[in-house]
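Input: a single structure, listed below in structure tokens.
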Amino acid sequence: MALIVQKYGGTSVGTVERIQAVAEKVAQVRQRGDQIVVVVSAMSGETNRLIALARAIDERPDPREMDVLISTGEQVTIALLSMALHKIDCPAKSYTGGQVDILTDNAFSKARIRGIDDVRVRSDLEAGRVVVVAGFQGVDEHGNITTLGRGGSDTTAVALAAALKADECQIFTDVDGVYTTDPRVEPKARRLERITFEEMLEMASLGSKVLQIRAVEFAGKYNVPLRVLSSFEEGEGTLITFEDEGMEEAKISGIAFNRDEAKLTIRGVPDQPGVAYSILGPIAGANIEIDMIVQNVSEDNTTDFTFTVHRNDFTKALELLQDTATVLGAREASGDDSIVKISLVGVGMRSHAGIAATMFETLAKEGINIGMISTSEIKVSVVVDEKYLELGVRALHNAFNLEQNGVANP
Ligand code: ADP
Ligand code: ASP
Ligand code: MG
């Protein structure tokens, strides 16, 4: 007898009919004699709807109340799925995050899971029931409801799988696995049979929303076998694994992109010790995360400095930068929130030079100007104008032969 944790995302539970279809799939697992815990998201569009309601009252609502609000979407789905299971004679019980003791820190809207007490879940499983748990939510030590960040139901599922030492954590979604890039942008993208934790982590952190980053981190840390599959069709999906002998030896395994960034530049800053700190200190002080940073070589003792932040923080960051420009006597502070970051990811890059050169050549041939560049051992990222996203991703997908078996990367 195996113990499986399955997670169904928003589209997979988007209508009553889809919830009934999920109930059928879940009941089959129990029918074949396995134990099953199901984690569900809010019905598609629901979390966005709730956020819009809050914003209609206050642009910056109280974080605690925000989590009380946006955690409700998942509570609707757990109840409906349990009812659908009862209707087909499958014993089931639903729980909110707090009811199964998903204990988190108190960072509202981006809380981290600290621990799960599995006693209640285990006793239900032993009694032959399907356990249905609301994704995306937990409680802090004072009993306040918290949420885990957008896409957080993935993390609930992996954390439960880790706590229960499940045989597999299966993430059911609206695509049939992890692809070489988002198949909605490049229809020629290819499903990967396997991808390493390291690569999946990099893809997720560079913008591939198919799995939440923390879910991948958690699965890697606690050794949870993790698979991404389609809710709508049968198939093997994609297994997230540790590196092994049988892996494809591609240099590049995928292309990620992020539409959520914005770029800020301050020009003509006096080049002296402490300048980076004076520019970025106020930004960090306002709790704004900075992603890429570039400082130009100085000319006439002044320099230009460019960095990126999340688009939601753009207006605030630009205001702060304009103040800094006045204080430092810089020439100007400006910003651009119509940029995207495109990244090539692959563990094979470590042992192969020239990946970045091929990337730049490919973009140049398409007439795409590169605004910023950053690299690490297993990724190369560039910032380009957002109107070139599709063109850039498709050109790179083609240049690195990702449509075929990636072993043929140039
Ligand atoms: P769910 O609601 O099931 O959690 P998400 O929308 O969070 O689903 O994640 C699935 C989506 O991730 C897909 O519909 C796809 O557009 C997007 N996606 C981005 N990058 C990739 C990738 N490399 N492989 C597969 N899907 C990707
Ligand atoms: N409902 C939440 C969201 O839309 C969590 C999730 O779906 O994973 O982000
Ligand atoms: Mg998701």
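Table: residues versus (1) free of Cβ contacts under 8 Å to residues at least 12 places away in the same chain; (2) within 16 Å of ligand 2 (Cβ to nearest atom); (3) buried (at least 16 other Cβ atoms within 10 Å of the Cβ); (4) over 22 Å from K25 (Cβ atoms).
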{"position": "R190", "(1), (2), (3), (4)": "no, no, yes, yes"}
{"position": "E199", "(1), (2), (3), (4)": "no, no, yes, yes"}
{"position": "G207", "(1), (2), (3), (4)": "no, yes, yes, yes"}
{"position": "V210", "(1), (2), (3), (4)": "no, yes, yes, no"}
{"position": "A215", "(1), (2), (3), (4)": "no, yes, yes, no"}
{"position": "V224", "(1), (2), (3), (4)": "no, no, yes, no"}
{"position": "E236", "(1), (2), (3), (4)": "no, no, no, no"}
{"position": "F242", "(1), (2), (3), (4)": "no, no, no, yes"}
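Which of the following residues is of a type outside the set (A, V, I, L, M) and farther than 20 Å from L164 by Cα: T96, T104, T72?
From the options T96, T104, T72, the qualifying one is T72.
Restricting to the stretch 255-286, and then to whatever is hydrophobic (A, V, I, L, M, F, W, C) and assigned to a strand (DSSP E or B), can you tell me which residue is surrounded by the fewest Cβ atoms within 10 Å (Cβ to Cβ)?
Among those that are hydrophobic (A, V, I, L, M, F, W, C) and assigned to a strand (DSSP E or B), it is A262.
Looking only at the stretch 160-169, which residues are within 15 Å of ligand 2 (Cβ to nearest atom) and either surrounded by fewer than 24 Cβ atoms within 10 Å (Cβ to Cβ) or part of a strand (DSSP E or B) (or both)?
Residue satisfying the conditions is C169 alone.
Can we say K188 is closer than 29 Å to G98 by Cβ and more than 16 Å from ligand 3 (Cβ to nearest atom)?
no
Considering the stretch 192-212 alone, what residues qualify as being more than 11 Å from ligand 3 (Cβ to nearest atom) and touching a helix residue (DSSP H, G or I) at 6+ places or on another chain (Cβ under 8 Å)?
Within the stretch 192-212, I195, T196, F197, E198, E199, M200, L201, S205 meet the criteria.
Residue under question is D117, and the condition is that it be loosely packed, with under 14 Cβ neighbours inside 10 Å, over 21 Å from the mean Cα position of the chain (by Cα) and not hydroxyl-bearing (S, T, Y); does it hold?
Against the criterion (loosely packed, with under 14 Cβ neighbours inside 10 Å, over 21 Å from the mean Cα position of the chain (by Cα) and not hydroxyl-bearing (S, T, Y)), D117 qualifies.
Can E46 be described as without any contact (Cβ under 8 Å) to a residue 60 or more places away in the chain, within 16 Å of ligand 3 (Cβ to nearest atom), within 23 Å of the chain's Cα centre (by Cα) and on the phi < 0 side of the Ramachandran plot?
Yes: the conditions hold for E46.
Take the stretch 163-180 and flag every residue that is of a type outside the set (S, T, Y) and more than 16 Å from ligand 3 (Cβ to nearest atom).
Within the stretch 163-180, A163, L164, K165, A166, D167, E168 qualify.
Among the residues of the stretch 287-333, what is the count of those that are exposed (fewer than 13 other Cβ atoms within 10 Å of the Cβ) and small (G, A, S)?
Selection size over the stretch 287-333: 1.
Considering only residues that are over 17 Å from the mean Cα position of the chain (by Cα) and at pLDDT 95 or above, which ones fall in the stretch 240-266?
Of everything in the stretch 240-266, those that are over 17 Å from the mean Cα position of the chain (by Cα) and at pLDDT 95 or above turn out to be A262, K263, L264, T265, I266.
I'd like to verify a number: residues in the stretch 62-117 that are of a type in the set (S, T, N, Q) and touching a residue at least 60 places away in the same chain (Cβ under 8 Å), how many?
2
Which of the residues belonging to the stretch 371-387 are assigned to a loop (DSSP other than H, G, I, E, B) and crowded, with 16+ Cβ neighbours inside 10 Å?
The answer is G371, I378.
Please work out if L81 is farther than 19 Å from V133 by Cβ, within 16 Å of ligand 2 (Cβ to nearest atom) and either touching an Asp or Glu at 6+ places or on another chain (Cβ under 6 Å) or modelled with pLDDT of 95 or more (or both).
no
With a cut-off of at least 2 residues that are modelled with pLDDT of 95 or more and in contact with a Lys or Arg (Cβ under 9 Å, 6 or more places away or on another chain), name the strands (runs of 3 or more DSSP E) lying wholly within the stretch 289-369.
Those strands (runs of 3 or more DSSP E) span 302-310, 332-336, 339-345.
Is it the case that some residue within the stretch 233-242 is away from ligand 1 (no atom under 13 Å from the Cβ), within 25 Å of G348 (Cβ to Cβ), touching a Lys or Arg at 6+ places or on another chain (Cβ under 7 Å) and in a strand (DSSP E or B)?
Looking through the stretch 233-242, at least one residue is away from ligand 1 (no atom under 13 Å from the Cβ), within 25 Å of G348 (Cβ to Cβ), touching a Lys or Arg at 6+ places or on another chain (Cβ under 7 Å) and in a strand (DSSP E or B).
In this structure, does A189 turn out to be within 26 Å of T375 (Cα to Cα), assigned to a loop (DSSP other than H, G, I, E, B), of a type in the set (A, V, I, L, M) and within 14 Å of ligand 1 (Cβ to nearest atom)?
yes
Taking D154 and the conditions (1) acidic (D, E); (2) away from ligand 2 (no atom under 16 Å from the Cβ); (3) surrounded by 19 or more Cβ atoms within 10 Å (Cβ to Cβ), which numbered condition does it fall short on, given that it satisfies the others?
Among (1) acidic (D, E); (2) away from ligand 2 (no atom under 16 Å from the Cβ); (3) surrounded by 19 or more Cβ atoms within 10 Å (Cβ to Cβ), the lone unmet condition for D154 is (2).
Of the residues that sit in the stretch 5-29 and are assigned to a helix (DSSP H, G or I) and under 15 Å from E234 (Cα atoms), which one is farthest from ligand 2 (Cβ to nearest atom)?
Only one residue tops the list, namely Q28.
The values are calculated or read from the model by the stated rules, or taken from the named source; none is laboratory data. Treat the numbers as computed from the prediction; the structure is a model and nothing was measured. Counting neighbours? That spans all protein chains shown, and the Cβs are built from the backbone with ideal geometry, glycine included.
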